[in-house]
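The values are calculated or read from the model by the stated rules, or taken from the named source; none is laboratory data. Nothing here was measured: the structure is a model prediction, and the numbers come from that model. With ideal geometry, Cβ positions are generated from the backbone for all residues, glycine too; neighbour counts draw on all protein chains shown. Surface areas here come from the heavy atoms of the whole protein model, side chains and all, with no ligands, DNA or RNA. Shrake-Rupley method; radii C 1.70, N 1.55, O 1.52, S 1.80 Å.
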Amino acid sequence: MINQIETFTESKHFRIKRVTEGVYATVSVPGTGSVGNAAIINLGNSTLVVDTFTTIEAAQDLYEAAEFLTGNSVSYVVNTHWHSDHTTGNQVFSQNAQIISTTTTRHIMNTFGRERLSQQLSNPEAIYKAIDEFEEKMQLETNEHLKNEMKGEIASNREYMKMLPNLVYTLPTITFDQQMTIHGSDRTVQLITYGGGHTQSDTFVYLPDEKIAVMGDLVLSKHHPVMIHANPKEWLNILDRVEQLDIETIIPGHGEVCSMEELYGVRTYIKKIMGMVEEAVQNKRPIDEILVPGEYQEWNLSTYFNANLKKVYELITEKED
Ligand SMILES: [Zn+2]
């Protein structure tokens, strides 16, 4: 098995990390067409893939890796949430697999997601222009960490734009509202949603026997949690409920395979962001004066830090009106 995996580390989009027999994290390589992580789970007589990356090419590699590692074609795909780095590769799997999400996630993909895509398709020049402008900004950036991150973001965005004309927007085919269980011949997995925290609806995949959870973007490892579509309070509630489960290993939405420590880290981060914004509002200070706290300076997705502050600011001030 180990040799087989090593012969497939060829994909430029991800690295394969074996978590336990038959469970693999496909960890995104920055600046490629993956952007987020995915996971491959061998159920025995069938195979489940969690999330499908940003580009068709990356999803194609994921599809091949899944068949190679499990010896089965992919029967099930789970979309943990609607964000494009977890769903755009769906089309690669749609012929043979059922694609599963919550009702809300499918609804958002079918409305907001679809509209956003048609806007992108009707005016790609605007996006290319925005990427070019971001590239100019990147060249002037003096913080090396941030500069590298911007470089990766630009490369991934260019991959996405290159793919766009070939994209067949593919929605989930099966939806659920609270929990769904798939019983394979060798393994049982639970798809669970506790509502929306990172987005309007977030699913995670729980393997109770193996004490493994594939968390989507509810848990990230050494990456800034992305709060632009978040409900921070609900996110904290969800993490409290996840904590009640018996989990030892987490495959996060971004970053390396990790443990409950990273879940606690996300909780601390969200509370910290909320606290900093509340303090700025109370002291009538602008939020753009807030700097990335020292403990997060090496974390990736740092380009989202200011957007996170802004989102929390909007939520706080909206409530006061
Ligand atoms: Zn993501």
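For K12, which aspartates and glutamates qualify as cross-link partners when the Cα separation must be under 20 Å and same-chain residues fewer than eight apart are set aside? Answer for K12, where 20 Å is the Cα cut-off: D51, E57, D61, E64, E67, D85, E149, E153, E159, E256, listed by chain and number. Normalised by residue count, segment 201-259 yields a Cα convex hull volume of 72 Å³ per residue. Surface composition of segment 202-321: carbon plus sulfur atoms hold 46% of the accessible area, using a 1.4 angstrom probe and ignoring ligands, DNA and RNA.
In sequence order, segment 259-273 has phi-based couplings of 10, 4, 3, 6, 4, 4, x, 5, 4, 4, 4, 4, 4, 5, 4 Hz under the Karplus curve 6.51 cos²θ - 1.76 cosθ + 1.60, θ = phi - 60°, and Gly or Pro positions carry x.
In square angstrom, what is the accessible area per residue of segment 1-132 with a 1.4 angstrom probe? Let's see the in-between values first.
On the way: 5270 Å² over 132 residues.
Here the residues of segment 1-132 average 40 Å² of exposed surface.
Listed values for segment 228-239 are Karplus-derived 3J(HN,Hα) couplings in whole Hz (6.51 cos²θ - 1.76 cosθ + 1.60, θ = phi - 60°), namely 5, 10, 8, 10, x, 5, 5, 4, 5, 4, 4, 5, and x replaces Gly and Pro.
Taking 0.890 mPa s as the viscosity and 25 °C as the temperature, the Stokes-Einstein diffusion coefficient of segment 1-120 based on its alpha-carbon Kirkwood radius rounds to 172 µm²/s.
For the chain, the 222 nm mean residue ellipticity estimated from helices alone, with every DSSP H stretch of n ≥ 4 adding -39500 (n - 2.57) and the total spread over all residues, rounds to -13000 deg cm²/dmol. Suppose each label sits 7 Å from its Cα in the direction of the beta carbon; what would the I228-K162 distance come out to in nanometres? If labels sit at I228 and K162, their model points lie 2.2 nm apart.
Using the per-residue mean of other Cβ atoms lying within 10 Å as a proxy for protection, in what order, highest first, do the peptides 233-244, 306-317, 53-64 fall?
Details: 233-244: 15.4, 306-317: 16.9, 53-64: 24.4.
The densest-packed peptide leads the list: 53-64, 306-317, 233-244.
Stretching R114 away from A130 to a fully extended chain increases their span by 3.7 nm, per 0.36 nm per residue minus the current alpha-carbon distance.
Quick one: divide the alpha-carbon radius of gyration of segment 120-166 by 2.2 N^0.38 Å and tell me what you get.
On the way: Rg = 11.7 Å, N = 47, 2.2 N^0.38 = 9.5 Å.
This ratio for segment 120-166 stands at 1.23.
Can you tell me the order of 291-302, 134-145, 258-269, 40-51 when each peptide is scored by its average per-residue count of other Cβ atoms within 10 angstrom, highest first? Intermediate results must be reported in sequence, preceding the final value.
Details: 291-302: 15.1, 134-145: 11.3, 258-269: 17.2, 40-51: 22.9.
Those peptides, ordered most packed to least, come out 40-51, 258-269, 291-302, 134-145.
Which order do the peptides 26-36, 103-113 take when ranked by the mean count of other beta-carbon atoms within 10 Å per residue, highest first? Write out the running numbers ahead of the final one.
Details: 26-36: 24.2, 103-113: 18.6.
Final packing ranking: 26-36, 103-113.
The listed residues K272, K284 rank as K284, K272 when sorted by accessible area, largest first, using a 1.4 Å probe.
Length gain on complete extension for the stretch T142 to S122, per 0.36 nm per residue less the alpha carbon to alpha carbon distance? The partial results should precede the final answer.
Working: separation 20, 0.36 × 20 = 7.20 nm, distance 3.49 nm.
Extra length available between T142 and S122 comes to 3.7 nm.
Between helix 144-163 and the chain there is an angle of about 50 degrees, using the helix long axis and the longest principal axis of the Cα atoms.
Kirkwood-based Rg over Rh for the chain (C-alpha set), two decimals? Ratio of gyration radius to Kirkwood radius: 0.96.
In summary, the lysines within cross-link reach of K211, defined as a Cα separation below 29 angstrom excluding same-chain residues under 8 places away, comprise K17, K222, K233, K271, K272.
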